[in-house]
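S.K.: Pasting a structure below so you can have a look.
The values are calculated or read from the model by the stated rules, or taken from the named source; none is laboratory data. Note that the coordinates shown come from a computational prediction; the quantities given were computed from them, not determined experimentally. Positions of Cβ are generated from backbone atoms using ideal geometry, with glycine treated the same way; all protein chains shown enter the neighbour counts. Calculation scope for accessible area: heavy atoms of the full protein, side chains included, ligands and nucleic acids excluded. Shrake-Rupley method; radii C 1.70, N 1.55, O 1.52, S 1.80 Å.
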Amino acid sequence: MSDATEANEPAEQAGAGGSEGGRRVRVVLVDDHRMFRTGVQAEIGRTDVTGVEVVGEAADVDQAVTVITTTRPEVVLLDVHLPGGGGVEVLRRCAPLMTAATDPVRFLALSVSDAAEDVIGVIRGGARGYVTKTITGTDLVDSIFRVQEGDAVFSPRLAGFVLDAFASTDAPPVDEDLDRLTQREREVLRLIARGYAYKEIAKQLFISVKTVESHVSAVLRKLQLSNRHELTRWATARRLV
């Protein structure tokens, strides 16, 4: 399976003994890591068992918009950090599909990040929920069907971020230093501040150790810091950990 946009062939209709109540939902997977998409497909894509039919995949923003527009799934599993502008950009460009009078496309964010700003960003963009990649296959299938039905779904503790954000009438202050960092650099920064080793970060984000080192160097340069200890203090002071 390549990282190009893909529309999968429709799965065969399941016979008796399939998913509960014969439920069916058409899903598109959007994530820039092919191995992760393959794993999710293997976990939830057995249509006769789960009721989930994966009808397409994409690895970046442009691919995502194309495959979503082409296949018109009921639910999109959307990673937050994507080449081309991130999950928020996919939501922006797919806004007409989300507000369609008939058969609206609903989005469920599925990300390694549990940062408040990522959660709030995609929810403000129109996603119906946000779950982290630690979720089990069974719970993910349940979340997909709940989103299909119009429910809001969140991993434990993430709902609090959304409630706090929408309860506040004040716009959050702009942090110019933080704004200099890309989404991926922010992700690496948080993991560094939490004490993760480079190898652990690489495994967590599905990137190489060398790429982690490059991100750390970029963060240090942009924030004018000298080492990971200063990074940790900087992130802690801004409650990013």
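S.K.: So what's the back-of-envelope 222 nm ellipticity for the chain, counting only DSSP H runs of four-plus at -39500 (n - 2.57) apiece and dividing by all residues, rounded to 500? Intermediate results must be reported in sequence, preceding the final value.
M.R.: Details: 13 runs with 118 residues, N = 241.
The helix contribution divided over the chain gives -14000 deg cm²/dmol.
S.K.: In nanometres, what is the gap between the two model label sites at Arg157 and Arg23, each 7 Å from Cα along Cα-to-Cβ?
M.R.: So the label points at Arg157 and Arg23 sit 2.7 nm apart.
S.K.: Can you tell me which of 119-127, 53-61 comes out highest on packing, and rank the rest after it, using the mean Cβ neighbours within 10 Å? Working shown, then result.
M.R.: Numbers: 119-127: 20.9, 53-61: 23.4.
Top to bottom by mean Cβ count within 10 Å: 53-61, 119-127.
S.K.: R0 = 35 Å: FRET efficiency of Arg124 with Lys199, Cβ-based, nearest 0.05? Please report the intermediate quantities before stating the final value.
M.R.: Numbers: r = 34 Å, r/R0 = 0.98.
My answer for the efficiency is 0.55.
S.K.: Rank by packing, highest mean first: peptides 181-190, 23-32, with packing defined as the count of other Cβ atoms within 10 Å averaged across residues. Can you show the working numbers first?
M.R.: Numbers: 181-190: 20.4, 23-32: 23.4.
Top to bottom by mean Cβ count within 10 Å: 23-32, 181-190.
S.K.: Given contacts defined as C-alpha pairs under 8 Å and at least six residues apart, what's the relative contact order of the chain, whole-number percent?
M.R.: Numbers: 378 pairs, mean separation 33.4, N = 241.
Relative contact order for the chain comes out at 14 percent.
S.K.: Something else now. Among residues other than Lys133 whose Cβ falls under 10 Å from its Cβ, what is the net charge (Lys/Arg +1, Asp/Glu -1)?
M.R.: Numbers: positive: none; negative: Asp31, Asp79, Asp114.
Within the 10 Å Cβ shell, the charges total -3.
S.K.: Could you order Arg128, Arg221 by accessible surface area, starting with the largest, using a probe radius of 1.4 Å? Walk me through the intermediate numbers first.
M.R.: Numbers: Arg128 90, Arg221 160 Å².
Correct descending sequence by accessible area is Arg221, Arg128.
S.K.: Also, quick follow-up: Where in the chain are the helices, taken as whole DSSP H runs, whose Cα atoms extend 18 angstrom or more along the long axis and whose Kyte-Doolittle mean reaches at least -0.5?
M.R.: TM-like helix candidates: 209-223.
S.K.: Keeping every protein chain in place, order His215, His229 by accessible area at 1.4 Å, biggest value first, i.e. largest first.
M.R.: Per-residue accessible area, sorted high to low, gives His229, His215.
S.K.: Taking a 1.4 Å probe, which of Ile201, Ile135 shows the most accessible area, and what order do the others take after it? Let's see the in-between values first.
M.R.: Working: Ile201 0, Ile135 45 Å².
Per-residue accessible area, sorted high to low, gives Ile135, Ile201.
S.K.: Can you give the accessible area of Ser214, probe radius 1.4 Å, in Å² rounded to 10?
M.R.: Number for this one is 70 Å².
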